[in-house]
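These notes are about the structure you will find just below.
The values are calculated or read from the model by the stated rules, or taken from the named source; none is laboratory data. For clarity, every value in this text was computed on a predicted model and none was experimentally measured. No Cβ is skipped: glycine too gets one built from the backbone with ideal geometry, and neighbour counts run over all protein chains shown. With ligands, DNA and RNA removed, areas are computed over all heavy atoms of the protein, side chains included. Shrake-Rupley method; radii C 1.70, N 1.55, O 1.52, S 1.80 Å.
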Amino acid sequence: MRSLQELKATLTAIHDKDKKQLYTAMITAEVAALILLALVINTLAKSGAEIPLILKLMLGLMAVGPVVPYAIMLVQIANRLQKIDEFTDLLGKGETISNLQTYTDYKLILPLRLIRIRLFPMEYAQIVIGPGRKTFKLPLSEENVQPFRAFVSNIPTGTIVGNNPSANWSVN
């Protein structure tokens, strides 16, 4: 990354990849829930017992429930392109970055008895910028974390204030 336009293009491409990953994870979670629901309904149908209303409501929620967190993530993703534009505009104006943290988030976690299977990983950068302390959560790919940190730290008008490894030590 050598310019703000290149940064914006990279963030937009990674945003598209993240959106596709979210749709894939949502479909995977819904298919797994529907398979489990079909198994439960099949077992209940074989027993021949009357199904209480509360159980019918729970089965309905079991079919719809896995989509809810993904719907929240879709709303966040819908606003992300404006956040990318705002972030690059702030960098272009010379705003300073006061905090930059990167972390890995997983779109789908399957908690099994002994292990947890984590699927669809994506790197994210949590950034606090400017005197108004605006916060941005932007997706990054694993190979772009170090170039992103290097680009952001080498902007001539703004510097990273937080997490600075150099410190002024007193002799006292």
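Quick look at the numbers
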| read-out | value |
| --- | --- |
| First in segment 135-150 and free of Cβ contacts under 8 Å to residues at least 12 places away in the same chain and part of a strand (DSSP E or B), second anywhere and open to solvent by 70 Å² or more (accessible area, probe 1.4 Å) and not polar (S, T, N, Q), Cβ under 6 Å, 6 or more apart | none |
| Scan of segment 43-75 for residues that are touching a residue at least 12 places away in the same chain (Cβ under 8 Å) and either of a type in the set (Asp, Glu) or within 21 Å of PHE120 (Cα to Cα) (or both), ordered by number | GLY65, PRO66, VAL67, TYR70, MET73, LEU74 |
| Segment 137-165: number of residues that are open to solvent by 50 Å² or more (accessible area, probe 1.4 Å), under 18 Å from GLY94 (Cβ atoms) and at pLDDT 65 or above | 2 |
| Those residues of segment 87-132 which are over 20 Å from TYR70 (Cα atoms), charged (D, E, K, R) and in contact with a Ser or Thr (Cβ under 7 Å, 6 or more places away or on another chain), in sequence order | none |
